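The values are calculated or read from the model by the stated rules, or taken from the named source; none is laboratory data. Please read these numbers as outputs of a predicted model, since none were measured by experiment. Backbone-built Cβ (ideal geometry, glycine too); neighbour counts: all protein chains shown.
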Amino acid sequence: MIGTAGADKELRWYAMRDLSRRHSKGPAYKTLAAMGMEIFTPMTRRVVVEGGRRTSREEPFMSDLLFVHDRRPQLDEVVEKIENLQYRYACGGYCKPMVVPDGDMERFMRAVRSTVMPRYYRPEEITPAMCGKQVRIVGGSLDGYEGHLLSVRGLRRRRLMVTLPNFLVAAVEVDPELMEFLE
């Protein structure tokens with residue numbers, strides 16, 4: 001128990017739930033960003049109808065998922081103030097919030113930001129048939145990344161699958177000239 005008290009004072013990426021409605025004017029990710037907190041929400045483009053007109057806008061891929069980089073005591077205070085914000089808890093642990101390792105989160109965010117339109121998938125949506133050849137990226141913004149190519153019928157561009165364990169898989173566009181096939 002002594003080690004856990006010190007661990008709560010470190011900066012960590014906490015997985016959070018936003019219980020506000022999908023079309024809410026003040027979702028938690030906007031509120032936290034306005035407070036100056038470092039957050040990450042996987043965003044995607046969607047066509048929506050507003051006032052009878054179809055418009056394209058960025059919305060969260062999963063309306064209730066966001067990641068916050070902060071210390072536990074400060075985040076506890078924010079969760080108490082914002083009624084539609086909760087921690088995501090790990091299965092089998094009593095009140096143990098889900099934490100994403102810094103390296104995994106930084107790797108995922110860097111990959112997502114390297115492409116214009118990443119495609120997101122939930123882990124349960126990925127089938128063995130979707131996992132193509134294993135590659136390593138040599139050069140460019142994703143230098144050193146390894147993973148499987150997304151194999152989907154009709155897909156014209158090469159996409160590398162980058163995983164955020166237990167949460168999401170992002171398929172990001174890669175230049176075929178930078179790929180080195182493994183195996």
Just give me the residues in the range 85-102 being of a type outside the set (Phe, Trp, Tyr), touching a strand residue (DSSP E or B) at 6+ places or on another chain (Cβ under 7 Å) and under 22 Å from LEU168 (Cα atoms), in sequence order. LEU85, GLN86, ARG88, LYS96, PRO97, MET98, VAL99, VAL100, ASP102
Please find, within the range 84-99, the residue that is farthest from THR41 (Cα to Cα) out of those that are in contact (Cβ under 8 Å) with a residue 40 or more places away in the chain and out of contact with any Leu (no Cβ under 7 Å at 6 or more places or on another chain). PRO97
Consider only pairs whose beta carbons are under 8 Å apart and that are at least six residues apart or on different chains; among these, list those whose first residue lies in the range 43-57 and is in contact (Cβ under 8 Å) with a residue 40 or more places away in the chain and whose second residue is surrounded by fewer than 10 Cβ atoms within 10 Å (Cβ to Cβ) and hydroxyl-bearing (Ser, Thr, Tyr). ARG45/SER56
Here are some conditions: (1) more than 26 Å from ALA170 (Cα to Cα); (2) touching an Asp or Glu at 6+ places or on another chain (Cβ under 7 Å); (3) at pLDDT below 90. ARG46 meets all but one. Which one does it not meet? (1)
Wholly within the range 78-183, strands (runs of 3 or more DSSP E) carrying at least 2 residues that are surrounded by fewer than 17 Cβ atoms within 10 Å (Cβ to Cβ) and more than 15 Å from the chain's Cα centre (by Cα): 131-137, 179-181
Residues in the range 134-182 that are under 17 Å from VAL116 (Cβ atoms) and of a type in the set (D, E, K, R) total 6
